[in-house]
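S.K.: Mind having a look at this structure? Questions to follow.
The values are calculated or read from the model by the stated rules, or taken from the named source; none is laboratory data. Not measured: the values here are computed from a predicted model. In this analysis, Cβ positions are derived from the backbone assuming ideal geometry, glycine residues included, and neighbour counts consider all displayed protein chains.
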Amino acid sequence: MKIVKRTRGYTRVSPKHQVTIPADAMTRAGLRPGDRIRVTTREPGEVVLTRVEDPIERFAGALDGVYPAGQIEALRDEWR
């Protein structure tokens, strides 16, 4: 078995083109498992990862308290 010495902050591209992002880089970038990421390039050898925010997740529940209690349920009942 070949032992590979790892250098902190570095990773390799797998044969399936997969890369593991080091934990400290994930933390500094504010990324979490499950985040959607857009991948772009700036120049040869430079890949940019950008978190893509879901506007529904971002704004879901933002209007809490706008309607009186029970009003939304009453409107839904009218539609049925």
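S.K.: Applying the selection to the range 6-46, what residues are hydroxyl-bearing (Ser, Thr, Tyr) and free of Cβ contacts under 8 Å to residues at least 12 places away in the same chain?
M.R.: Of all residues in the range 6-46, those hydroxyl-bearing (Ser, Thr, Tyr) come to 7, 10-11, 14, 20, 27, 40-41.
Residues satisfying the conditions are THR7, THR11, SER14, THR20, THR27, THR40, THR41.
S.K.: So PRO68 clears everything in (1) outside any helix (DSSP H, G or I); (2) at pLDDT 90 or above except one condition, right? Which one?
M.R.: Failed condition: (2).
S.K.: For the range 1-60, how many residues are of a type in the set (Val, Ile, Thr) and touching a Lys or Arg at 6+ places or on another chain (Cβ under 7 Å)?
M.R.: 4
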